[in-house]
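Input: a single structure, listed below in structure tokens.
The values are calculated or read from the model by the stated rules, or taken from the named source; none is laboratory data. Every value quoted in this text rests on a predicted model; they were computed, and no experiment measured them. A quick note on method: Cβ atoms are made from the backbone with ideal geometry, for glycine too, and the neighbour counts reach across all protein chains shown.
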Amino acid sequence: MILPNLEYAASEMFVAVAAMVLLMIGVFRGEGSARLVSALSILVLAAAAAITVWMSPGESRMAFAGMFVSNGYTTFLKVGILLASAVGIVLSVGYNAREAIERFEYPVLIVLAALGMMVMVSAGDLLSLYIGLELQSLSLYVIAAIRRDSVKSSEAGLKYFVLGALASGMLLFGASLVYGFAGTTAFAGLAAQLTGASAPSVGLVVGLVLVMVGLAFKVSAVPFHMWTPDVYEGAPTPVTAFFAAAPKLAAMGLFVSVLAGPFGGLVKQWSQIVIVLAIASMVLGAFAAIAQTNIKRLMAYSSIGHIGYALVGLASGTKDGYSAVLVYMAIYIVMTLGAFAVILAMQRSGRMVEEIGDLTGLSRTNPLMAAMMLIFMFSMAGIPPLAGFYAKLYVFLAAVEAELYFLAVIGLVTSVVGAYYYIRIVKVMYFDEPEDALDPRPGRDLGAIQFVAGMATLLFFLFPSLLVGAADTAVFSLTGG
Amino acid sequence: METWPLLSIVTFAPLLGALLILLMVRGDREATDRNARWLALWASLATFLISLLIWINFDTGTADFQFVEKTAWFKFPGGYTLSYHMGVDGISMMFVLLSTLLTPICILCSWEIKSRVREYMAAFLVLETFMVGTFCALDLVTFYVFFEGVLLPMFLIIGVWGGNRRVYSAFKFFLYTLLGSVLMLVAVMAMYFLSKSAGQGTTDIVELLKFARETGFGAEAQKWLWLAFFASFAVKLPMWPVHTWLPDAHVEAPTAGSVILAGVLLKMGGYGFLRFSLPMFPDASVYFAPLVYTLSIVAIVYTSLVALAQEDMKKLIAYSSVAHMGFVTLGIFAATVQFSAGTLPDALLGEQAVTGAMFQMLSHGIVSAALFLCVGVVYDRLHTREIDRYGGLVHRMPRYAAVFMVFTLASVGLPGTSGFVGEFLVLFGVFQVNVWAAALAATGVILGAAYMLWLYRRIIFGELVKPDLMRMKDLNPREVAIFAPLVILVLWMGIWPEPFLDVFDASVKNLLTSFKAGACRVNEACFAAR
């Protein structure tokens, strides 16, 4: 055996090969193959999720000489990433056909991005982390600019690329500092060195901070959020939906595993930074969203806010906190994808519209869709009995447990501010009389996603243990008890 | 009977009705609207009957929680399993009945609603589920879910079916209440961890009551927890100066919305004080009692004066609600003041005041609901709530005048009506502990008489000169059916309050004993005296 334990990377290898096959199919069948490739990509992602679950080892297993780790934690994240990516493709099919940007590269790029995310959450070394992160990021830069003729889309892609490259540079620089001062980039080696170490060297801490800057950029935590609203607004809507879901989960999962794993010994140092990031994100997410009129920009600020809440769980620096982050992100993704399925259905005479005002009177013209959007908005605001409430409950519970009372209070107060703009959307849909109705029916695909996500959000309280238990098990295998 | 989960049935029966209504999508609009009304009425009446069944089987001899149901719900990190825990004692029993009684009345009085009938009826039934659940929940998180869930349907009811400024009012209502509640959520979480320091942490209300009685939260922690709960309940009740959402919400809400708001939602605040603040944070309750007293008296006097100046009928009644709720808080916290004296407390001193506060809440729940219904009757006919547009209605609407009079006098607190018993007991109890507070509160009674009787005179008496009033019709059979049970109740509670007092008597006594045991452990003066 040249490469032992290869089976732990089975799903990654499957996705990598499949992506190349899909690319070949696209190339040889020409431009008309977009639909076929999309359908196949969805199958590939679903199959990869199945493989991931099937091949999942109970406890941590290494492959590629420690560069690659597979455990319950990575399984949890990968399944989430793959499913969210698959939904991202489903959301795009109808839209791309309508807007005449149907290209077979699109699903392939999403598959590649998903591969990058899988590699990065499975990274066992700062270098494999970087490889995964870059594969993901480069795919995302291209997708953001997929509508080549649109200035806005190209601008979004370019902006994302330049700022993303800067963040990657920071991360790489941080990694080099860590290597310089610790003598290793392997997570296991770092963890062994830092656990119980009395005073870490300043260089190492600076390295950690720079790595965190890179990661904070990827999750778009304040003050590294500047790209988010512009990219969300400029990119085609299905791309925005995809950006808001899978990469956020992957980056957040990575944030947790990097800080809790190799840098677990420096928890005192990094938790202060995370607290600042969390507070800044929650506050900015709440206040900046108030003035938005474009629903995609609003979702951008909303996602910044949500990242802030998820970071509250991380800031607590406890196992319960990490598990709360996973629960939060999972619920966040369901709500976000559902809300974007509604946004994608906002069309008037076949054209996309994206102002909040365009939703006026939706409850009369399309009661079911309005009801689903109502569920997503109230859930995002954190009103029980909807899923978003439990997500907040868990992260703040972790914060209170760590005696970060002020963080919990600030977080919950900003959630009231945030509630204002969520219920403003409800107001537009329900309280205002319809003027210029949207096209009546969303496509069957969008309708199905709205409905499934809506029901999952609404009925979460019946089976909370499914998700919470899975997250607990995942974190257990990350921290090893 | 014992094996039936009666409380879950009474809580979720309305929800089932709401689901059925929402599933009726076929058929023409006329037919679905009609079916929605009847279905809602039957669902709420069935719920009411079930709650009566619970009342009949309720054992008034014990202060324990009855009809208890407990199933594991979900896990907190760290392994604590949260349960879905339901049960009623004497205090919550009455509020459950109040909620189930007022909902069918609300549905009846909304019979003429024209727009989006299905959604309207469903919203009320969902609201009923949350209200009943709030009073039955015996777990803090379950309680919070129901308590906060109320905001959802109420926000829509005000915002969709409300008056001209409905958007502003709905937002104000929603954000005010939410801000108060989230602070309580922090406290709930903190209580879980604080009770953990003395063994297994818990969010179970029964366990927490036991914990508070036997161990107790630390004095400093109690103050913060008390304040966080206070933020929530003071907004809900509402107390001066966080009452400003109430007049807006009342004025803009549809009649049935005002009825539920005044009848039940405000009581959630008082219920919270009785269930949580007093027994769980006894020391802090003693510590903050002067604050509550001050705010209550300001509420009673100031909002009564404000009510005198109102031109809008609903606004006037809304302000009178704030004043009446002032009596409630005054009564609830009358149990606390004696500790400052430094003598061993009489175990049941303050019982009258707390009993009075309970009774006042029930009475106000019915009387203010009925007053809003009275406003609704004339509003439906003339579409204005301005007092000056009316006058001399007695000539055209004698039955209406009689009904309105009963509720006006009950609101004033005339002996023989339910309002008297509550106010009298509160003043009686408060007088024993604080003469000044009682004296100042008594002026509120006088002012109450002034604004209510003046309101009555301006609307009902006088010459019938305004031309559009000439065509006013008296109460129709549907309206009589709405008012009849309320009139009977008001008189019954006023003349023979025993059956109602009996229900919560044991629970109030139990509350006071455990409160005093808890407070005495922390309070130095009291401890020394012992």
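Odds and ends about this structure:
- The requirement of being farther than 30 Å from B:Lys473 by Cα, modelled with pLDDT of 85 or more, within 20 Å of the chain's Cα centre (by Cα) and in a helix (DSSP H, G or I) is fulfilled somewhere in the range B:403-421, by at least one residue.
- In summary, A:His225 fulfils each of the numbered conditions (1) within 30 Å of A:Asp445 (Cβ to Cβ); (2) in a loop (DSSP other than H, G, I, E, B) with the single exception of condition (1).
- Those residues of the range B:311-320 which are buried (at least 20 other Cβ atoms within 10 Å of the Cβ) and either in contact with a strand residue (DSSP E or B) (Cβ under 9 Å, 6 or more places away or on another chain) or over 14 Å from B:Val412 (Cβ atoms) (or both), in sequence order: B:Met313, B:Lys314, B:Lys315, B:Ala318, B:Tyr319
- Qualifying residue in the range B:132-154 (condition: away from chain A (no Cβ under 13 Å), under 18 Å from B:Ala43 (Cα atoms) and under 17 Å from the mean Cα position of the chain (by Cα)): yes
- When each of B:Leu185, B:Leu208, B:Leu178 is tested for being more than 10 Å from chain A (Cβ to nearest Cβ), under 24 Å from the mean Cα position of the chain (by Cα), in contact (Cβ under 8 Å) with a residue 12 or more places away in the chain and assigned to a helix (DSSP H, G or I), the lone residue that passes is B:Leu208.
- Which listed residue is more than 11 Å from chain B (Cβ to nearest Cβ), surrounded by 22 or more Cβ atoms within 10 Å (Cβ to Cβ) and modelled with pLDDT under 90, from A:Met369, A:Met282, A:Met380: A:Met369
- Search result, residues across the range B:110-130 that are assigned to a helix (DSSP H, G or I) and either within 14 Å of chain A (Cβ to nearest Cβ) or surrounded by fewer than 24 Cβ atoms within 10 Å (Cβ to Cβ) (or both): B:Val117, B:Arg118, B:Glu119, B:Tyr120, B:Ala122, B:Ala123, B:Val126, B:Leu127, B:Thr129, B:Phe130
- Pairs are defined by a Cβ separation below 9 Å, a sequence spacing of at least 6 or placement on different chains, a first member in the range A:159-185 that is under 21 Å from A:Gln136 (Cα atoms) and in contact (Cβ under 8 Å) with a residue 24 or more places away in the chain, and a second member that is of a type in the set (Asp, Glu) and surrounded by fewer than 20 Cβ atoms within 10 Å (Cβ to Cβ); the pairs so defined are A:Lys159/A:Asp230; A:Tyr160/A:Asp230; A:Ser168/A:Glu134.
- Residues of the range A:1-51 that turn out to be among the acidic types (Asp, Glu), modelled with pLDDT of 90 or more and farther than 17 Å from A:Leu112 by Cα, as a count: 0
- Against the test of being at pLDDT 90 or above, in contact with a helix residue (DSSP H, G or I) (Cβ under 6 Å, 6 or more places away or on another chain) and not in a loop (DSSP other than H, G, I, E, B), the options B:Val251, B:Val298, B:Val286, B:Val306 yield a single qualifying residue, B:Val306.
- Among the residues of the range B:20-39, some residue qualifies, meaning at least one is β-branched (Val, Ile, Thr) and exposed (fewer than 15 other Cβ atoms within 10 Å of the Cβ).
- Selection within the range B:231-256 - within 16 Å of the chain's Cα centre (by Cα) and aliphatic (A, V, I, L, M): B:Ala234, B:Val235, B:Leu237, B:Met239, B:Leu246, B:Ala249, B:Ala256
- When we screen B:Met452, B:Met361, B:Met472 for residues that are in contact (Cβ under 8 Å) with a residue 40 or more places away in the chain, surrounded by 18 or more Cβ atoms within 10 Å (Cβ to Cβ) and part of a loop (DSSP other than H, G, I, E, B), the only hit is B:Met472.
- Among the residues listed as B:Gly201, B:Gly163, B:Gly159, the single one being touching a Phe, Trp or Tyr at 6+ places or on another chain (Cβ under 7 Å), at pLDDT below 90, over 14 Å from B:Val235 (Cα atoms) and not in a helix (DSSP H, G or I): B:Gly201
Quick grid of which residues meet (1) of a type in the set (Gly, Ala, Ser); (2) in a helix (DSSP H, G or I); (3) crowded, with 22+ Cβ neighbours inside 10 Å:
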| position | (1), (2), (3) |
| --- | --- |
| B:Met189 | no, yes, yes |
| B:Arg213 | no, yes, no |
| B:Gly216 | yes, no, no |
| B:Trp224 | no, yes, no |
| B:Phe230 | no, yes, yes |
| B:Trp240 | no, no, yes |
| B:Ser258 | yes, yes, yes |
| B:Gly263 | yes, yes, yes |
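- Within the range A:87-100, the set of residues being of a type in the set (A, V, I, L, M, F, W, C) and under 17 Å from A:Val353 (Cα atoms) comprises A:Leu91, A:Ala97, A:Ala100.
- In summary, helices (runs of 4 or more DSSP H) completely within the range A:391-481 and bearing 1 or more residues that are touching a residue at least 24 places away in the same chain (Cβ under 8 Å), closer than 29 Å to A:Leu284 by Cβ and within 9 Å of chain B (Cβ to nearest Cβ) occur at A:405-430, A:464-479.
- Of all residues making up the range A:316-363, the number that are of a type in the set (Lys, Arg) and either more than 14 Å from every other protein chain (Cβ to nearest Cβ) or surrounded by 24 or more Cβ atoms within 10 Å (Cβ to Cβ) (or both): 2
- Members of the range B:163-175 found to be buried (at least 23 other Cβ atoms within 10 Å of the Cβ) and facing chain A (nearest Cβ under 10 Å), listed by number: B:Arg166, B:Ala170, B:Phe174
- Residue identified as among the polar types (S, T, N, Q) and out of contact with any Ser or Thr (no Cβ under 7 Å at 6 or more places or on another chain) among B:Thr202, B:Thr244: B:Thr244
- Of all the listed residues (A:Arg98, A:Arg148), the sole one being in contact (Cβ under 8 Å) with a residue 60 or more places away in the chain, basic (Lys, Arg) and either in contact with a strand residue (DSSP E or B) (Cβ under 6 Å, 6 or more places away or on another chain) or within 27 Å of A:Arg29 (Cα to Cα) (or both) is A:Arg98.
- Residue within the range B:97-105 that is part of a helix (DSSP H, G or I), without any contact (Cβ under 8 Å) to a residue 60 or more places away in the chain and under 19 Å from B:Trp4 (Cα atoms) present: yes
- Residue in the range A:85-99 that is among the acidic types (Asp, Glu), surrounded by 14 or more Cβ atoms within 10 Å (Cβ to Cβ) and closer than 15 Å to A:Met120 by Cα present: no
- The residue list A:Leu177, A:Leu163, A:Leu215, A:Leu204 contains one member that is buried (at least 17 other Cβ atoms within 10 Å of the Cβ), in a helix (DSSP H, G or I), out of contact with any strand residue (DSSP E or B) (no Cβ under 7 Å at 6 or more places or on another chain) and at pLDDT below 90, which is A:Leu204.
- Screening the range A:324-360 for residues that are modelled with pLDDT of 90 or more and small (Gly, Ala, Ser) and picking the one that is nearest to the chain's Cα centre (by Cα) gives A:Ala330.
- Among the residues of the range A:68-86, just one is more than 14 Å from A:Ser477 (Cα to Cα) and not in a helix (DSSP H, G or I), namely A:Phe68.
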